[in-house]
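*Asks:* Provided herewith is a single structure, encoded as C-alpha cells, for subsequent inquiry.
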Amino acid sequence: MVRYLGDFADRLGLHVLYNTTITHVTLDKDRQAWNGHYFILTDQKGQAYQCSVLLVATGLSVPNLVDFPGSEYVEGYESVSVDPKDFVGQNVLILGRGNSAFETAENILGVTNFIHMLSRSRVRLSWATHYVGDLRAINNGLLDTYQLKSLDGLLESDLTDLAVVKDREGKFHITLKFYLEEGNQSADAITLPQDDSDNFAMRVAYDQVIRCLGWNFDFSIFNKSLRLSSGGEFSKKYPLVRASYESKGSRGLFVLGTASHSVDYRKSAGGFIHGFRYTVRAVHRLLEHRHHGVAWPSTEHPITQLTSSILRRVNEASGLYQMFSVLADVVLLKENATAFEYLEEFPMQVLAQLETITGRQARHGLFVINMEYGRNFSGPDKDVFFYDRSVGHTEDAWQSNFLHPVIYYYRHLPTEQDVRFRPADWPLPRPTAIHHIVEDFLTDWTAPVGHILPLRRFLENCLDTDLRSFYAESCFLFALTRQKLPPFCQQGYLRTQGLVGTKSLRQHRVESGALQDHAAAGRRREDSGRWPGSHRPVGHPQTPGPLVQPLNSNKEEL
C-alpha cells in the first residue's frame, strides 16, 4: 500500500511533505477569502501553512477506551504482539466483537490454550447484514471452535460493569465492580464472582487481556472554532459533516476516507477503501464546479439510447455495487424528452441541490438509478439463506431480495424537504414512478425479455414515447400514417441518417451471399465511400424490403 501511494504521487508529480505532522489547525477570518476565512495548519516544527480548502483524510486513529477498574492491565490492539509465539499455551481474553477482535483471535487461534471474547453486543455477520464493517468470513474461525469444539467462547456483558484484578503470579481475574471494596487491599482478598457462583463463566485466570474496541477520530488537533464535533450520535467517533462531506461548522473543510463514514454508517461501504475511493471522486467533482466552474461530467445521448445506457452502466459500474444507497447515477431529460444527459456517481442525499452542485439543469424530469437490497433481506437476526429467497419473474421484481437496480422517475427535482422527510428506510423521496429490475444470479442484467423489455416499457410509460428501433420501411409507413413519429424515426430516418457502411458490414454481406464481392475485381470500396452497385452516398437509406410483420411476442418486439 505504501509503495502504491508513492508510485501514485510520483506519477502525478504531487508535492507531498513527508515526515510532517500537523499538530494544530485553526481559522483565520478574512473577507477576501471565498468562504470568509483561511485555514492555518501548524506542523511539529512550528511551520505554518495556509489554504482556503482543507481536505481531512486522517482516518480514525484514536483507540476507543473503556474506563473500568484494572483497565491499565489491558493491552491495546494498536500495540499487542502479532507473533503467535508470544501466546503459546496461554488463556487469552479479548475485549471486543468486531473484525479487529476476530482478526487478533484468528492470528493466535492455533497456539493458545483457549480464547474468550467479551462484548456487550452479539456477533453480526457481514453476509447477514450486508455491511462490510461487520464480521467477515475470513476472520470467523473462532466461531467454529466455539460452536463445534467448545474450545473457545463468546460472552456478552457490559464492559463498564467489570473489573480486572491482577494476582501475585501476574494472572488476570475478571470480577464485577460491586465486589470491589473501598480501601487498599491485596488482590487475593478481593471477592470474585466464583466465590458465590462456582460455575461463573470467566472464573479461570487469564494470561493476557487484549482490547479491540475500535477507533475514534482525532479531534485534538482542531481548534474549537472549526466546530467539527457535536453532541450527536457520532460525537466521539466521526466529525460532523453534511451529505456532501463538507463540515457543517466550517465551509471549505471536507472530510474524506474512513472519517467520513457518518454519512453512510452501517448503510454502505463509505468507511472502507473500496467505498471511499468513489466518495472522494464525488468530492473532487464538487470542488471542481465550486472553484473552477467545471460542470459535473456527463455524456449526452439521443433518447433512443436511454435503455441501453442505463443497462450498460449497471452491468459495468462496480462502484454502484459498493456504494448502494449513497452514490447513484442520474439521468437528466432534455425538453420534450428528445435527449438526455447521464451523470455518474452523484451523492443521493444531496439530490435537491443537484443543479447547484453539478451546474446542470433538471427542468424536464429525471431518472435516478440506484442499487438496492430487498427491504427485509438483511439483518443480524435474518436467515439470508432461507428457501425461495430469490425471485425470477419480472412481475415479482419489486420483491427482489439481492442487490438489484432500481430506477426512480421524478417529473420535478425533489426539494430539501422531500429528501429530509422521505419515507422511513427509503434512500430517496417517493418518486412519480418506480421500477425494479428483477434480481439476477449472475448480476448480469442483459436478458432481453427479463431485463431489457420491462425497463424499456417503464421508460416509455414515463416519457409517453416509443423507444423501439425500426427499419426504414417502418419509419416510412409511420411518416405517412401518424402525426407523431417514434424518436428513432425522427432522429434517424427523417434526417436521412441510415445505416453507415463499414468494411466489416460489407464483408458480412458478401459472406452471407447478399452482395457480390467486387473487391476481387479491383474495385476500392473504401475510397469510393459508396455501396457497391449504388450511386447514393454512404448513410442514405437503401431500397426497403418487405414491411415488418405485426409483433406477436415479446421476443419479436425486441
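*Asks:* What number goes with the only condition from (1) in contact with a strand residue (DSSP E or B) (Cβ under 6 Å, 6 or more places away or on another chain); (2) more than 24 Å from His412 (Cβ to Cβ) that Val263 does not pass?
*Replies:* Failed condition: (1).
*Asks:* Go through the stretch 241-273 and report how many residues are in contact (Cβ under 8 Å) with a residue 24 or more places away in the chain and open to solvent by 50 Å² or more (accessible area, probe 1.4 Å).
*Replies:* Within the stretch 241-273, residues that are in contact (Cβ under 8 Å) with a residue 24 or more places away in the chain and open to solvent by 50 Å² or more (accessible area, probe 1.4 Å) number 6.
*Asks:* What's the total number of residues in the stretch 463-475 that are over 15 Å from Gln305 (Cα atoms) and not acidic (Asp, Glu)?
*Replies:* From the stretch 463-475, those over 15 Å from Gln305 (Cα atoms) are 464, 471-475; that's our starting set.
Filter once more, so that each one left must be not acidic (Asp, Glu): 471-472, 474-475.
So the count comes out to 4.
*Asks:* For the stretch 114-139, what are the residues that are without any contact (Cβ under 8 Å) to a residue 60 or more places away in the chain and open to solvent by 40 Å² or more (accessible area, probe 1.4 Å)?
*Replies:* Of everything in the stretch 114-139, those that are without any contact (Cβ under 8 Å) to a residue 60 or more places away in the chain and open to solvent by 40 Å² or more (accessible area, probe 1.4 Å) turn out to be Arg120, Ser121, Arg136, Ala137, Ile138.
*Asks:* Based on this model, can you work out whether Tyr206 counts as more than 30 Å from Gly89 (Cα to Cα), hydroxyl-bearing (Ser, Thr, Tyr) and open to solvent by less than 50 Å² (accessible area, probe 1.4 Å)? Steps first, please.
*Replies:* Values: more than 30 Å from Gly89 (Cα to Cα): no; hydroxyl-bearing (Ser, Thr, Tyr): yes; open to solvent by less than 50 Å² (accessible area, probe 1.4 Å): yes.
No, not satisfied.
*Asks:* Filter the stretch 131-147 down to residues that are over 19 Å from Thr258 (Cβ atoms) and either part of a helix (DSSP H, G or I) or touching a Gly at 6+ places or on another chain (Cβ under 9 Å) (or both), then give me how many there are.
*Replies:* Final tally of qualifying residues: 9.
*Asks:* Take the residues in the stretch 223-240 that are of a type outside the set (D, E, K, R) and out of contact with any Ser or Thr (no Cβ under 8 Å at 6 or more places or on another chain); name whichever of them is most open to solvent (accessible area, probe 1.4 Å). Explain how you work it out, then say what you get.
*Replies:* To start, the set of residues in the stretch 223-240 that are of a type outside the set (D, E, K, R) comprises 223, 225-226, 228-232, 234-235, 238-240.
Still in the list and also out of contact with any Ser or Thr (no Cβ under 8 Å at 6 or more places or on another chain): 230-232.
Values: Ser230: 42, Gly231: 85, Gly232: 40 Å².
Restricting to residues being of a type outside the set (D, E, K, R) and out of contact with any Ser or Thr (no Cβ under 8 Å at 6 or more places or on another chain), the top hit is Gly231.
*Asks:* Taking the stated definitions as given, is Thr307 among the polar types (S, T, N, Q) and buried (at least 22 other Cβ atoms within 10 Å of the Cβ)? Please lay out each step first, then the result.
*Replies:* Details: among the polar types (S, T, N, Q): yes; buried (at least 22 other Cβ atoms within 10 Å of the Cβ): no.
No; evaluated as a whole, the condition is false for this residue.
*Asks:* I need the full set of residues from the stretch 47-72 which are more than 35 Å from the chain's Cα centre (by Cα) and modelled with pLDDT under 95, in order please. Walk me through how you get there before you give the answer.
*Replies:* Our first condition is that a residue be more than 35 Å from the chain's Cα centre (by Cα); within the stretch 47-72, this holds for 47-48, 68-72.
Correct list: Phe68, Pro69, Gly70, Ser71, Glu72.
*Asks:* Which residues, counting only those in the stretch 382-414, are touching a Lys or Arg at 6+ places or on another chain (Cβ under 9 Å) and at pLDDT below 90?
*Replies:* Asp383
*Asks:* Now for a separate question. State the number of residues belonging to the stretch 467-491 that are open to solvent by 70 Å² or more (accessible area, probe 1.4 Å) and not in a helix (DSSP H, G or I).
*Replies:* Within the stretch 467-491, residues that are open to solvent by 70 Å² or more (accessible area, probe 1.4 Å) and not in a helix (DSSP H, G or I) number 5.
*Asks:* Write out, first by first residue and then by second, each pair whose Cβ atoms fall under 7 Å of each other, whose residues are 6+ apart or on separate chains, and whose first residue, in the stretch 42-66, is more than 23 Å from Thr258 (Cβ to Cβ) and among the small types (Gly, Ala, Ser) while the second is open to solvent by less than 50 Å² (accessible area, probe 1.4 Å) and assigned to a loop (DSSP other than H, G, I, E, B).
*Replies:* Here the result reads Ser52/Ala33; Ser52/Asn35; Ser52/Gly252, each pair linking the stretch 42-66 to a residue that is open to solvent by less than 50 Å² (accessible area, probe 1.4 Å) and assigned to a loop (DSSP other than H, G, I, E, B).
Let's see how each residue does on (1) touching a helix residue (DSSP H, G or I) at 6+ places or on another chain (Cβ under 8 Å); (2) hydroxyl-bearing (Ser, Thr, Tyr):
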position: Phe367; (1), (2): yes, no
position: Tyr373; (1), (2): no, yes
position: Ser378; (1), (2): yes, yes
position: Tyr387; (1), (2): no, yes
position: Thr394; (1), (2): yes, yes
position: Phe402; (1), (2): no, no
position: Val406; (1), (2): no, no
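*Asks:* Could you pull out the residue among Phe478, Phe488, Phe402, Phe458 that is more than 22 Å from Ile310 (Cα to Cα) and of a type in the set (Phe, Trp, Tyr)? Reasoning before the result, please.
*Replies:* On the way: Phe488 fails: more than 22 Å from Ile310 (Cα to Cα); Phe402 fails: more than 22 Å from Ile310 (Cα to Cα); Phe458 fails: more than 22 Å from Ile310 (Cα to Cα).
Result: Phe478 is the single residue among Phe478, Phe488, Phe402, Phe458 that is more than 22 Å from Ile310 (Cα to Cα) and of a type in the set (Phe, Trp, Tyr).
*Asks:* Out of the residues in the stretch 334-356 that are part of a strand (DSSP E or B) and farther than 14 Å from Gly270 by Cα, which is most open to solvent (accessible area, probe 1.4 Å)?
*Replies:* Just the residues of the stretch 334-356 that are part of a strand (DSSP E or B), to begin with: 339-347.
Add one more test, that the residue is farther than 14 Å from Gly270 by Cα, and what stays is 339-344.
Working: Ala339: 15, Phe340: 0, Glu341: 16, Tyr342: 11, Leu343: 0, Glu344: 66 Å².
The qualifying residue most open to solvent (accessible area, probe 1.4 Å) is Glu344.
*Asks:* I need the full set of residues from the stretch 386-418 which are open to solvent by 60 Å² or more (accessible area, probe 1.4 Å) and under 23 Å from the mean Cα position of the chain (by Cα), in order please.
*Replies:* Listed by number, the residues that qualify are Ser390, Trp398, Gln399, Phe402, Glu416, Asp418.
*Asks:* Could you grab me the full set of residues in the stretch 185-232 that are modelled with pLDDT of 90 or more, over 25 Å from Asp28 (Cα atoms), hydrophobic (A, V, I, L, M, F, W, C) and not in a loop (DSSP other than H, G, I, E, B)?
*Replies:* Val209, Ile210, Trp215
The values are calculated or read from the model by the stated rules, or taken from the named source; none is laboratory data. Predicted model, so just to flag it, every value in this text is computed and none were measured. Note that each Cβ is placed from the backbone with ideal geometry, even for glycine, and that neighbours are counted across all protein chains shown. To get the accessible areas, we keep the full protein, side chains included, count just its heavy atoms, and leave off ligands, DNA and RNA. Shrake-Rupley method; radii C 1.70, N 1.55, O 1.52, S 1.80 Å.
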